[in-house]
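Comments concern the structure below.
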Amino acid sequence: MIRSILIHPDPRLKKVCDPVGEITPELRQLAGDMLETMYDAPGIGLAAPQVGVMKRVLVMDCIKEGPPEPMVLINPEVIWSSEDLSTYEEGCLSIPDQYADVKRPAEVQVRWMDMDGAMQERQFAGIWATCVQHEIDHLDGKLFIDYLGPLKRQMITRKMEKLKRERARAD
Ligand SMILES: O=C(O)C[C@@H](Cc1ccccc1)C(=O)SCC(=O)c1ccccc1
Ligand SMILES: [Zn+2]
C-alpha cells in the first residue's frame, strides 16, 4: 500500500536508522510498500525513514527509459568511493519541489543484503551512484540540503515549514 512520506523538518529524518536483523514478512511488506510509494510519488529512490520506519532499508529504480529495475538494499554500506566527484541537481521526496546541485563521488562500490538474504556487491556510476548515496544518507539522518550553505538550507527549511502549515490547514 502507498505510505505517506514524511516532510522536512521532521526529527525522524535526522535519526540514524537501526540495522535490519532478519528478513521477516513485515520487511517484505515494507519493501513492497516503499516501491509502490516511490513509483507513485514519482521518485527514483526512497529510504525507510522517509515513511517513518527507522530501519536501514532503501529502494531504488533510477531507470528513466526501458523496463523498471526495482532494487531493495538492506543494511547497505559504501565500501569504496572514487576520488572523482560529479555534480547532480538533486531533489528529495521529503523536501518537495526543491532542487540543488550536490557534489558526490562519481562512482561508489556498495555492499548490501538482498530480499533473499544474499550479500550483494555492485559498483554504481551516474545517476545510480548519486541516488544510492542520497538514499544511504537518509539512513544516517542526512539530507541533501545538509550539503548546501546555511542560507540556502534555511530558506528551504522555511519553505517546508510553510508547506506543512498549509497542508495541516487543508486536512
Ligand atoms: O527523496 C528521495 O530519496 C527520492 C529522490 C532520490 C534522488 C533524486 C535525485 C537525485 C538523487 C536522489 C527522488 O527521487 S526526487 C524525484 C526525482 O528526482 C525524479 C522523479 C521522477 C523522475 C526522475 C527523477
Ligand atoms: Zn531524499
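Laboratory data are not the source of any read-out in this text; all were calculated from the coordinates shown. A quick note: this is a predicted structure, and the numbers were derived from the prediction, not measured. For neighbour counting, all protein chains shown are included, and Cβ atoms are generated from backbone atoms with ideal geometry for every residue, glycine included.
Things worth noting here:
- Summing Cβ point charges (Lys, Arg +1; Asp, Glu -1) relative to the Cα centre of the chain gives a dipole of roughly 940 debye.
- The chain: DSSP helices with Cα axial extent of at least 15 Å and average Kyte-Doolittle hydropathy no lower than -0.5: 126-139
- Debye intensity ratio in log₁₀ form over the Cα atoms of the chain, taken at each q of 0.16, 0.18 Å⁻¹: -0.96, -1.21
- Spin-label model distance (nm) - Thr87 vs Met54, 7 Å beyond Cα toward Cβ: 3.7
- The aspartates and glutamates within cross-link reach of Lys14, meaning a Cα-to-Cα straight distance under 12 Å and a gap of 8 or more places when in the same chain, are Asp137, Asp140, Asp146.
- Dipole orientation for segment 11-170: of the candidates Ala125, Gly43, Leu73, Gly43 has the Cα lying most toward the positive pole (charges on Cβ; Lys, Arg +1; Asp, Glu -1).
- Packing order of peptides 143-154, 87-98, 42-53, highest average first: 42-53, 87-98, 143-154 (average count of other Cβ atoms within 10 Å over each peptide's residues).
- Note on the chain: dipole from Cβ charges, positive end direction compared against Val57, Ser82, Met115; the farthest Cα belongs to Val57.
- Spin-label model distance (nm) - Lys152 vs Ser4, 7 Å beyond Cα toward Cβ: 3.1
- Taking packing as the residue-averaged number of other Cβ atoms within 10 angstrom, the listed peptides 1-14, 155-168, 68-81 run from highest to lowest as 68-81, 1-14, 155-168.
- The stretch between Gln109 and Gln123 holds 4.6 nm of extra length on full extension. This uses 0.36 nm per residue minus the Cα-Cα distance.
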